[in-house]
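Below is one structure, written out as structure tokens; the observations come after it.
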Amino acid sequence: MGSMISISDEDNIENELYKEYRERFSGYSIEKLVECYNIEQPKQVWITARMYYLMALKKAFLESGYDCSSFILESRMLFDFQVKIDGDKIIPA
């Protein structure tokens, strides 16, 4: 996709779809979160459901305890590359 998507204010979202995604991701391992990200990374479509999905995915990464600074910058998530786990960091694959 080669872009950075601005995703903010996820703590204030009352949308049911967002809540559903948050609940789903809360049970995912870091390996599964990486897999979900890597599936989304090359996509170039933008719909509302995907926005909530990516917001919840970003939040799950930030709550994982892993260093995600290689692709999450403040309220933005970078989609220029696939990612992988390297120790306690998520880095470009």
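The values are calculated or read from the model by the stated rules, or taken from the named source; none is laboratory data. Every value quoted in this text rests on a predicted model; they were computed, and no experiment measured them. Neighbour counts run over all protein chains shown; Cβ positions are idealised from the backbone, glycine included.
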Quick one: in the stretch 61-85, of everything that is among the aromatic types (Phe, Trp, Tyr) and under 17 Å from Ser29 (Cβ atoms), which residue is surrounded by the fewest Cβ atoms within 10 Å (Cβ to Cβ)? Tyr66
Report the residue count in the stretch 59-85 for those that are within 21 Å of Tyr18 (Cβ to Cβ) and of a type in the set (D, E, K, R). 4
Condition broken by Asp11, with the remaining ones in (1) modelled with pLDDT of 90 or more; (2) outside any loop (DSSP other than H, G, I, E, B); (3) loosely packed, with under 13 Cβ neighbours inside 10 Å satisfied: (1)
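Answer with yes or no whether Gly27 is closer than 17 Å to Val83 by Cα and of a type outside the set (Phe, Trp, Tyr).
Working: closer than 17 Å to Val83 by Cα: no; of a type outside the set (Phe, Trp, Tyr): yes.
In short, no.
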